[in-house]
Amino acid sequence: MKIRVAKRVLDGNDQQARRNIDRLAELKLAAVNVLASPGAGKTCLIAALLKRFPPGLSVGVIEGDVAGRIDTDKILALGFPATQINTGGGCHLDATMIAKAVDSLGVKGPGCLFIENIGNLICPAQFDLGEGLRVVVASVPEGDDKPLKYPGVFASADAVVLNKIDLLGHVEFKTDSFVAGVRTLSPDAPIFNVSCRTGQGLDAVMEWLLNRPSLRFQ
């Protein structure tokens with residue numbers, strides 16, 4: 001019974017995700033689902049990329065949290081449109097939540113919609129939101145073993161961002177082991193070494209993003 005119920009939930013989510021794809025295409029928005037553990041730097045990465053978008057492209061952010069709106073207020077304070085989803089205890093966003101948030105946000109493209117998922121490396125990987133790209137953020141203080149401990153989310157990544165590289169040498173982290181773990185699961189996904197604090201590596205992420213076919217609406 002539990003397996004059948006879970007299958008029905010995922011089937012229903014996938015149907016809504018396909019509708020989201022059509023809706024986002026109508027709006028000329030490329031959706032980027034950003035996944036990570038709590039504290040890895042999802043909001044800092046999104047904020048840094050928003051500041052680097054060229055004129056002529058619209059941007060917006062859907063912030064997912066169990067409770068509160070701290071990250072949404074940070075994005076709004078920077079002058080970018082954002083809307084909040086609170087799951088009230090749920091460990092992931094789903095496609096229906098995104099459909100409602102897209103309407104609430106009111107952003108039209110051509111441009112990019114960032115979705116900051118719940119801080120979790122397990123549940124969010126199972127739910128298609130209708131996004132065009134998945135970016136998985138890891139950070140140096142978390143350790144180099146995350147790809148092997150959480151293979152599902154890294155296997156689904158279109159790109160992996162290793163944040164807080166300014167802490168290399170201050171905490172134990174084997175870069176070669178991290179890269180090997182990612183490559184085992186996602187051989188073709190680019191890996192970007194960045195520091196959202198110093199700005200190192202962020203221009204490379206922006207260049208990659210702007211060259212995705214889904215962003216070429218203009």
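Between Asp128, Asp166, Asp176, Asp158, the distinction of being without any contact (Cβ under 8 Å) to a residue 24 or more places away in the chain, of a type outside the set (Lys, Arg) and either at negative phi or out of contact with any Phe, Trp or Tyr (no Cβ under 8 Å at 6 or more places or on another chain) (or both) belongs to Asp176 only.
The set of residues in region 113-133 that are surrounded by fewer than 24 Cβ atoms within 10 Å (Cβ to Cβ) and either more than 14 Å from the chain's Cα centre (by Cα) or of a type in the set (D, E, K, R) (or both) contains only Asp128. Within region 92-121, residues that are within 17 Å of Ser58 (Cβ to Cβ) have Cβ atoms under 7 Å from residues that are among the aromatic types (Phe, Trp, Tyr) and not in a loop (DSSP other than H, G, I, E, B) in no pair, counting only partners at least 6 apart in sequence or on another chain. For the structure I just gave you, tell me whether Ala40 is part of a loop (DSSP other than H, G, I, E, B), surrounded by 21 or more Cβ atoms within 10 Å (Cβ to Cβ) and of a type in the set (Gly, Ala, Ser). Taking the combined requirement at face value, the residue satisfies it.
Taken over region 46-69, the criterion of being in a strand (DSSP E or B) and within 19 Å of Leu210 (Cβ to Cβ) is satisfied by Ser58, Val59, Gly60, Val61.
Look at Thr72 and say whether it is surrounded by 15 or more Cβ atoms within 10 Å (Cβ to Cβ), part of a strand (DSSP E or B) and hydroxyl-bearing (Ser, Thr, Tyr). When the stated conditions are applied, Thr72 does not pass them. Scanning region 113-165 for residues that are closer than 28 Å to Leu24 by Cα, of a type in the set (S, T, N, Q) and not in a helix (DSSP H, G or I) returns Asn117, Asn120, Ser156. In region 97-112, the residue that is surrounded by the most Cβ atoms within 10 Å (Cβ to Cβ) out of those that are out of contact with any Lys or Arg (no Cβ under 6 Å at 6 or more places or on another chain) and in a loop (DSSP other than H, G, I, E, B) is Val107. Ala159 meets all of the listed conditions (1) touching a Pro at 6+ places or on another chain (Cβ under 8 Å); (2) within 27 Å of Gly68 (Cα to Cα) but one, namely (2).
Okay, residues lined up against (1) of a type in the set (A, V, I, L, M, F, W, C); (2) outside any helix (DSSP H, G or I); (3) modelled with pLDDT of 95 or more:
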residue	(1), (2), (3)
Ser177	no, no, yes
Cys196	yes, yes, yes
Gly199	no, yes, yes
Met206	yes, no, yes
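Give just the number: which of (1) surrounded by fewer than 20 Cβ atoms within 10 Å (Cβ to Cβ); (2) modelled with pLDDT of 95 or more does Asp94 not satisfy? Here Asp94 meets the rest and fails (1).
The values are calculated or read from the model by the stated rules, or taken from the named source; none is laboratory data. Quick caveat: nothing in here was measured; it's all calculated off a predicted structure. No Cβ is skipped: glycine too gets one built from the backbone with ideal geometry, and neighbour counts run over all protein chains shown.
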